[in-house]
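Values in this text are rule-based calculations from the coordinates and carry no lab data. Model, not experiment: these values are computed from the prediction. Because the Cβ atoms are built from the backbone with ideal geometry, glycine has one as well, and the counts that use them run over all protein chains shown.
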Amino acid sequence: MDPVEHQVSVKLSRVATMTIPFGRAVQRAGVDSKAELYGGKLLVDNMDAIWTPKASVTITTPAGIVGNCNLMSVAVGFTSGLIATKDITAAPLVDLSPYEAIGFLIKPTIAIAAGVLQFGWDKGSTDMSGAPVYLDLPALEAGKWYFASLPFSGVLADRQDVLSIGLNATSDPGTVDIAVDEMRAGALSNGMSGIVNNDQAKENDEAEQYETMLVLARGEMRAQLATGITCVSEQMLYPVPGTGEFTTTEIVASGPAVRASQDMATAGSGVRAIVG
């Protein structure tokens, strides 16, 4: 007997922690009964504007996954320490205390070992010059976009009214270009949990905050392509942190695999997809 593919849809009942458009990828938010947009709810920096580079570092802003990114080019003269920083001087200052983790997209041109790169913040000083707190990044392969979701540590009060953030190196990462994009704070991401299903017609096609919604975690569902993105049947799709839309650029992250189940030549459209 010839094998037959059997698709099974798993519907999970969740409570929206924010307004979430239907057709977007979502993640668990703290407990099983809640969900938020994949990749975090607080936009810390879209990385379109250039950070302040340190010695032996230059920065440009080429196209990234969402808009532009910061491409931090580390030259031969660099040894260790801060690569680049951003001061937050305009009110309201960034308050990271309500959130579990910081998440962002990052891509190096060479492999970098775990703990060499760090994300950091400084509550009391600009330019990361006071008593910054650092979180280690995992190992990164060359030429791949990663979604890094780093759990916060320390005292909550130390993450209120942050004056500066930065990328740090504990040792020489080598001559490397490091692209950083779409930095957000939110729930610690363990990967995409599914796609919000439009079970009933709603104004503006959204699930409202605190509203019970259905999340399709396995099987065929309708996903939303990001602006400018088209696909063909069987092409792999990857959720974009912060928007919950899908792109065809590979992003290394945990969660179920997603592939298109139809050709879609109209950029930014909805598309049938197989999840899991």
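Considering the chain as a Gaussian network with a 10 Å cut-off on Cα pairs, which listed residue, 101, 217, 157, attains the greatest mean-square fluctuation?
157
Summing +1 for each Lys or Arg and -1 for each Asp or Glu, what net charge is found among the other residues whose Cβ lies under 10 Å from the Cβ of residue 273?
Numbers: positive: 222, 259, 272; negative: 220.
Every neighbour counted, the sum reads +2.
Show me the three semi-axes of the equivalent ellipsoid for the stretch 159-276, from the C-alpha gyration tensor (sqrt of 5 times each eigenvalue), largest first, rounded to whole Å.
Its equivalent ellipsoid spans semi-axes of 30, 21, 13 Å.
Per 5 Å bin, what percent of the C-alpha pairs of the stretch 42-185 does each bin hold, from zero upward?
That works out to 2, 11, 21, 25, 23, 13, 5, 1, in percent per bin.
Where nothing but the Cβ of Lys and Arg (+1) and of Asp and Glu (-1) is charged, how large is the charge dipole of the stretch 42-185 around its Cα centre, in debye to the nearest 20? Don't jump to the answer; show the numbers that get you there.
Numbers: 7 positive and 15 negative charges, 32 e Å.
The dipole magnitude comes to about 160 debye.
Of 151, 97, 118, which is farthest towards the positive pole of the chain's charge dipole, taken about the Cα centre with +1 and -1 on the beta-carbons of Lys, Arg and Asp, Glu respectively?
Projecting each Cα onto the dipole axis, the largest value belongs to 151.
Would you mind computing, in nm to one decimal, how far apart the modelled labels at residue 55 and residue 220 are, each placed 7 Å from Cα along Cα→Cβ?
6.1
Name the residue farthest towards the positive end of the dipole of the chain from the options 232, 168, 276, assuming +1 on Cβ of Lys and Arg, -1 on Cβ of Asp and Glu, about the Cα centre.
Of the listed residues, the answer is 276.
Using a simple spin-label model with points 7 Å from Cα along the Cα→Cβ vector, what separation in nm is obtained for residue 259 and residue 208?
4.0
Check cross-link reach from residue 144 to the lysines: straight Cα distance under 16 Å, and skip same-chain residues fewer than eight apart.
107
From the phi of every residue in the stretch 242-249, what ³J(HN,Hα) in whole Hz does the Karplus formula 6.51 cos²θ - 1.76 cosθ + 1.60 yield, where θ is phi - 60° and glycine or proline is x?
Working through the residues one at a time gives x, 10, x, 7, 10, 10, 9, 6 Hz.
With charges only on Cβ, +1 for K and R and -1 for D and E, what is the dipole size of the stretch 96-168 about its Cα centre, in debye, rounded to 20?
Details: 4 positive and 7 negative charges, 39 e Å.
Dipole of the stretch 96-168, to the nearest 20 debye: 180 debye.
So for the chain, considering every pair of alpha-carbon atoms, how many percent are separated by more than 34 Å?
22
Under 5 Å between amide hydrogens, which residues at least 5 positions from residue 15 or on another chain qualify, with H placed 1.01 Å from N in the peptide plane?
Residues meeting the criterion, in which the H sits 1.01 Å from N, are 34, 35, 213.
Under a point-charge model restricted to the Cβ atoms of Lys and Arg (+1) and Asp and Glu (-1), what is the dipole moment magnitude of the chain relative to its Cα centre, in debye to the nearest 20?
200
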